[in-house]
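Colleague: Below: one structure in structure tokens.
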């Protein structure tokens, strides 16, 4: 492990997971069943469940780790191995920019979710945004053999994707406070967002009947 990776693990990753667990715990509806797509080591999901014992979380990932902290199974990165409407909420935390076929995975999330989709991901907006995000991705994921296609989207691209899938933004926040000062000035900025998306009207009406 390099010095940079060591600092990232001890100084950045721990706080990031803690802060994200606070955000997700606040945004996930009561008594929800949740699918964590790209669950990684499962620590984020475990912290969420610890803070919100009313919800349950199942994980899936392309590469299952030996020390995963929640119940998890492998999938191919495209087809979610559950039926339509199997979970109240589908959660994708820093997953879409790793996907080789982002829209396919988003469509699968829409198919699998009954109530909402929770997305935390990146925005490639502003000076040096792309190079900063590439560096962050490499430091955090290269050693875990995570795919790094660097598929970062602008805010306009995200909105087009949501519109195409019929998703409605229920809540949106880009000031997440993921990193301690002064690191947040470099790695925070407007490079991140978390959003809760309501399901397409047609699907909601179908579920109601």
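Values in this text are rule-based calculations from the coordinates and carry no lab data. Treat the numbers as computed from the prediction; the structure is a model and nothing was measured. For neighbour counting, all protein chains shown are included, and Cβ atoms are generated from backbone atoms with ideal geometry for every residue, glycine included.
Colleague: Modelled label-to-label distance, residue 173 and residue 76, 7 Å Cα→beta-carbon offset: nm?
Modeller: That separation, rounded to one decimal, is 3.7 nm.
Colleague: What is the gain in length, in nm to one decimal, between residue 134 and residue 155 on full extension, counting 0.36 nm per residue of separation less the C-alpha to C-alpha distance? Show your work: numbers first, answer last.
Modeller: Details: separation 21, 0.36 × 21 = 7.56 nm, distance 1.74 nm.
Net length gain for the segment: 5.8 nm.
Colleague: List 27, 167 from most exposed to least, where exposure is judged by having the fewest other Cβ atoms within 10 Å. Display every interim value, and only then the final one.
Modeller: Details: 27 18, 167 23.
Result, fewest neighbours first: 27, 167.
Colleague: Right, something else. For a footprinting-style exposure proxy, rank 179, 130 by other Cβ within 10 Å, fewest first. Write out the running numbers ahead of the final one.
Modeller: Values: 179 20, 130 15.
So the residues, fewest neighbours to most, are 130, 179.
Colleague: Pulled fully out, how much extra length does the chain show between residue 66 and residue 103, if you take 0.36 nm times their separation in residues and subtract their Cα-Cα distance? Walk me through the intermediate numbers first.
Modeller: Numbers: separation 37, 0.36 × 37 = 13.32 nm, distance 2.90 nm.
Gain in length upon complete extension: 10.4 nm.
Colleague: Tell me, 52, 111 in order of fewest to most beta-carbon neighbours within 10 Å? Numbers along the way, then the final one.
Modeller: On the way: 52 19, 111 16.
Exposure proxy ranking, most exposed first: 111, 52.
Colleague: Then there is this: So what is the diffusion coefficient of segment 8-104 in µm² per second by Stokes-Einstein at 20 °C and 1.002 mPa s, using a Kirkwood Rh over Cα pairs? Kindly include the intermediate steps, with their values, before the conclusion.
Modeller: Details: Rh = 13.8 Å.
For the chosen part, D equals 155 µm²/s.
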